[in-house]
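Structure record follows, encoded as structure tokens.
The values are calculated or read from the model by the stated rules, or taken from the named source; none is laboratory data. Treat the numbers as computed from the prediction; the structure is a model and nothing was measured. In this analysis, Cβ positions are derived from the backbone assuming ideal geometry, glycine residues included, and neighbour counts consider all displayed protein chains.
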Amino acid sequence: MENKIVLKGHKGIGESAEGEAIVCQEPINLMADTGNVWNDPSDTSFTNKIAMPSVYGKKFANKILVFPTGKGGIFSSNIMMDIAAAGAAPKAFINVRTHPVWALLSIVLKIPIVDRLDQNPCEVIKTGDWVRVDAEKGIVEVTKKN
Amino acid sequence: MELTKEEEKILTGAYGKAYQKAMKVLVELGEFYDAKRLVPVKMAFLTIGPTPGNPGKGKEWLKELVDLGAKFKIPSFYPHERAENPFDHELNEKLGAIFAFQGGGNARNAFYTPVFGQHIVGDGTATTHYMNSYIGARANTECFIGQYSAAIIGKTPEYGFHLSENRKGRILFEIKTILKDETDWSALGYYISKKLGKNYWDVPVINGIKPDDVTNDELLSFSSSIPAYGAVVHSLLVGVSPESLTLEQAFDYKKPEQTFIVEAEEINEVYNTFSPEKEKPDMVSIGGFGVNVSIETVIKTVELLENKKVSKDFPTVILMDGPVRIVSDRMGLTDALRNAGVKIGMEEFLKDYGYDPSEITNIPIMSAKKLGFKTVVFADAKSCHYIGNQGVNSVLKHIEECIKIAVAGRMEV
């Protein structure tokens with residue numbers, strides 16, 4: 001199996017970033033899914049066991065966060081703005097299809113985001129893979145961990 | 001995206017930095033979603049919401065716009081409860097906000113409603129869903145960044161649910177069971193939301209409900225929970241939604257991509273997801289996050305508590321706001337609830353239990369862990385879902401059972 005996979009999608013928001021992937025299979029709403037953000041944004045993790053089984057207990061700080069889309073609740077952007085100020089935001093986002101709230105938070109925080117890729121990123125990318133996101137070109141390069 | 005000459009001028013800064021900043025957001029958003037143009041919006045419902053920082057980076061972003069001299073172009077409503085915060089009040093007042101009842105994403109309190117076909121800015125997900133689905137107005141769900149940018153420019157990019165082609169039904173939900181109250185409707189919303197969890201753009205069609213089988217309060221309850229687990233902010237209720245008077249019209253005379261049959265079992269599945277692990281709860285909460293109760297529920301709660309008092313072992317709280325609170329006060333219902341031992345809002349509970357309000361927020365889905373809560377009973381699925389972030393065992397019960405538990409001080413596990 002080839003070590004490198006390239007996914008092509010729609011032109012994204014922001015510029016480019018690279019890092020280790022954390023792949024989440026559920027849609028994300030920071031209000032409902034990351035309860036400890038209220039105590040310490042720098043230590044944000046997924047705390048909702050029922051809603052977030054694939055990433056329960058995990059953190060996304062300085063990683064490339066791969067998830068299908070955003071979901072209900074419009075407060076993900078102001079929460080992420082405080083997480084970013086605490087130095088714990090992801091380096092980039094990769095979606096199947098981006099929810100408007102996440103497009104808007106990417107615009108303001110200048111965190112690259114890409115979607116509408118030619119393969120499902122939540123299936124192709126695994127947690128721990130090294131990922132490079134070029135949002136201007138809409139390209140994702142995945143270097144498989146194994 | 002094509003801009004008019006006037007819009008180009010705003011983008012290049014001819015009207016000042018505030019309008020340029022707001023326009024840049026709209027243009028970047030529109031280009032990402034392949035919008036062809038900006039469309040005028042008739043009104044904006046606004047929410048910033050709670051934020052981990054104080055005042056939070058989001059509010060600082062907004063303050064910058066205010067300091068640069070921005071003003072709203074269209075009637076823009078900010079929830080009066082949130083305007084009690086002096087920082088929020090000052091910012092929104094300078095922008096020209098109307099401090100209406102519209103609060104916490106609850107369309108029950110909409111002070112000013114759009115008409116069919118109008119483009120609007122839709123506040124939280126519940127309001128957006130209600131306005132899209134039952135009024136036939138057109139809105140996407142956006143956070144404060146998109147909301148304020150659109151309210152300042154008076155326009156929004158034409159994408160998502162602003163476009164007719166995206167408003168047609170995609171997935172069919174055939175209802176083959178009786179939904180008896182607001183709690184059942186919230187359970188249905190959660191069920192559909194979970195089925196469609198990964199896609200904002202799917203439009204579910206709900207068939208099998210006659211207009212006589214549903215109340216507006218039930219639609220409001222449904223609107224609060226359908227975007228909770230997933231992202232649905234537009235659905236079509238056949239025979240009720242103005243864009244789906246018939247099943248055929250709902251699907252634009254095409255076939256559904258997928259069909260789900262909803263029987264009693266599917267609704268029970270939601271109640272089972274939120275079932276108790278221990279018999280003594282730490283709180284019973286009528287209303288919760290973004291689902292403040294209807295006047296019918298207040299009346300029902302008072303009736304259920306006639307000649308009874310709630311247990312003193314844990315707080316029983318009822319969350320009311322806007323016109324419901326005013327009517328409840330006026331009818332003596334608030335006093336009747338207090339006499340039965342019910343706390344009116346989290347603030348009353350925190351005060352009575354000696355908590356410092358500057359240390360503990362009055363929103364249970366943010367404070368349950370700090371309060372040491374392990375089990376909380378709600379009458380709606382949205383609150384049950386959200387409080388999962390606090391590692392709390394949330395329990396979904398009909399209002400009659402909630403009151404039974406509150407009075408008995410325990411429940412069957």
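Residues that are within 14 Å of chain A (Cβ to nearest Cβ), surrounded by fewer than 17 Cβ atoms within 10 Å (Cβ to Cβ) and part of a loop (DSSP other than H, G, I, E, B) do not occur anywhere in the range B:8-21.
Would you mind stating whether B:Glu412 is more than 13 Å from every other protein chain (Cβ to nearest Cβ) and either among the charged types (D, E, K, R) or touching a residue at least 40 places away in the same chain (Cβ under 8 Å) (or both)? Yes; evaluated as a whole, the condition is true for this residue.
Among the residues here, B:Glu243 qualifies as in a loop (DSSP other than H, G, I, E, B), away from chain A (no Cβ under 14 Å) and in contact (Cβ under 8 Å) with a residue 24 or more places away in the chain. Within the range B:315-328, the residues that satisfy the criterion of being under 19 Å from B:Asp217 (Cβ atoms) and not small (Gly, Ala, Ser) are B:Ile318, B:Leu319, B:Met320, B:Asp321, B:Pro323, B:Val324, B:Arg325, B:Ile326, B:Val327.
Residues that are among the basic types (Lys, Arg) and farther than 25 Å from B:Leu62 by Cβ were ranked within the range A:59-80; the one that is farthest from the other protein chains (Cβ to nearest Cβ) is A:Lys63. Within the set A:Glu123, A:Glu141, the sole residue that is of a type outside the set (Phe, Trp, Tyr), part of a strand (DSSP E or B) and over 27 Å from A:Pro41 (Cβ atoms) turns out to be A:Glu141.
So, in the range B:342-373, of the ones that are of a type in the set (Lys, Arg) and over 20 Å from B:Gly391 (Cβ atoms), which residue ends up nearest to the chain's Cα centre (by Cα)?
Going residue by residue through the range B:342-373, those that are of a type in the set (Lys, Arg) are B:343, B:351, B:369-370.
Narrowing the set further to residues that are over 20 Å from B:Gly391 (Cβ atoms) leaves B:343, B:351.
Numbers: B:Lys343: 22, B:Lys351: 26 Å.
Across the range B:342-373, the extreme among qualifying residues is B:Lys343.
Go through the residues of the range B:216-227 one by one and say whether even a single one is more than 27 Å from A:His99 (Cα to Cα) and either at pLDDT below 95 or not in a loop (DSSP other than H, G, I, E, B) (or both).
Start the filter on the range B:216-227 by keeping residues that are more than 27 Å from A:His99 (Cα to Cα), which leaves B:216-217.
Subset that is either at pLDDT below 95 or not in a loop (DSSP other than H, G, I, E, B) (or both): B:216-217.
Yes.
Please go through the range B:156-200 and pick out each residue that is of a type in the set (Asp, Glu) and either surrounded by fewer than 24 Cβ atoms within 10 Å (Cβ to Cβ) or free of Cβ contacts under 8 Å to residues at least 40 places away in the same chain (or both). Walk me through how you get there before you give the answer.
Within the range B:156-200, the first condition is being of a type in the set (Asp, Glu), and the residues that meet it are B:158, B:165, B:174, B:181-182, B:184.
Result: B:Glu158, B:Glu165, B:Glu174, B:Asp181, B:Asp184.
Within the range B:31-54, the set of residues being facing chain A (nearest Cβ under 10 Å), in contact (Cβ under 8 Å) with a residue 24 or more places away in the chain and of a type outside the set (D, E, K, R) comprises B:Tyr33, B:Thr47, B:Ile48, B:Gly49, B:Pro50. Total residues in the range B:73-85 satisfying the condition of being assigned to a loop (DSSP other than H, G, I, E, B), under 17 Å from B:Lys59 (Cβ atoms) and touching a strand residue (DSSP E or B) at 6+ places or on another chain (Cβ under 7 Å): the figure is 1.
Kindly state which strands (runs of 3 or more DSSP E) lie completely within the range B:97-200 and contain at least 1 residues that are within 29 Å of B:Glu248 (Cβ to Cβ) and either of a type outside the set (Ser, Thr, Tyr) or more than 14 Å from chain A (Cβ to nearest Cβ) (or both). Write out each step before concluding.
Numbers: elements: B:98-100, B:155-157, B:171-175.
Here the list reads B:171-175.
Across the range B:398-413, the number of residues qualifying as surrounded by fewer than 23 Cβ atoms within 10 Å (Cβ to Cβ) and under 22 Å from B:Glu296 (Cα atoms) comes to 6.
Considering only residues that are in a helix (DSSP H, G or I) and either touching a Pro at 6+ places or on another chain (Cβ under 9 Å) or facing chain B (nearest Cβ under 9 Å) (or both), which ones fall in the range A:31-51?
Within the range A:31-51, the subset in a helix (DSSP H, G or I) is A:31-33, A:35-38, A:41-43.
Selection gives A:Met31, A:Ala32, A:Asp33, A:Gly35, A:Asn36, A:Val37, A:Trp38, A:Pro41.
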